[in-house]
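Visitor: Okay, here's the structure, questions in a sec.
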Amino acid sequence: MPRHVPARRWAGPGPLRRDDVHPVRPYVLTAEERQRRREQRGRRRTLWLAVHGIDAGPRWIHGLEVAG
């Protein structure tokens with residue numbers, strides 16, 4: 001018969017103090033992060049439209065305007 005082993009308790013550094021924790025706001029983004037997310041959203045939207053048969057590709061390819 002297996003012997004019962006008690007669960008181990010976490011032996012951390014102790015409770016956190018207010019001075020040890022800095023507030024973090026994950027919803028606050030830098031301008032570069034906002035731009036990167038906006039570009040990614042555009043690429044995903046273009047891909048989704050292409051999957052559904054709608055051509056929303058680039059209007060400029062290698063510096064030349066593409067006829068719409």
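Visitor: So which pairs qualify, if the first residue must be in the stretch 46-59 and among the charged types (D, E, K, R), the second must be at pLDDT 70 or above and assigned to a loop (DSSP other than H, G, I, E, B), the Cβ gap must be under 6 Å, and the two must be at least 6 apart or on different chains?
Guide: Here the result reads Arg59/Val66, each pair linking the stretch 46-59 to a residue that is at pLDDT 70 or above and assigned to a loop (DSSP other than H, G, I, E, B).
Visitor: Still on this structure: Condition check: of a type outside the set (Gly, Ala, Ser), modelled with pLDDT under 75 and over 18 Å from the mean Cα position of the chain (by Cα). Does Ile61 satisfy that?
Guide: yes
Visitor: Taking Leu49, is it modelled with pLDDT of 70 or more, surrounded by 10 or more Cβ atoms within 10 Å (Cβ to Cβ), of a type outside the set (Phe, Trp, Tyr) and more than 18 Å from the chain's Cα centre (by Cα)?
Guide: yes
Visitor: While we're looking at this one, here's another question. Residues that are closer than 30 Å to Arg59 by Cβ and either at pLDDT below 70 or surrounded by 10 or more Cβ atoms within 10 Å (Cβ to Cβ) (or both): does the stretch 24-33 have at least one?
Guide: Yes, the conditions are met somewhere in the stretch 24-33.
The values are calculated or read from the model by the stated rules, or taken from the named source; none is laboratory data. Quick caveat: nothing in here was measured; it's all calculated off a predicted structure. No Cβ is skipped: glycine too gets one built from the backbone with ideal geometry, and neighbour counts run over all protein chains shown.
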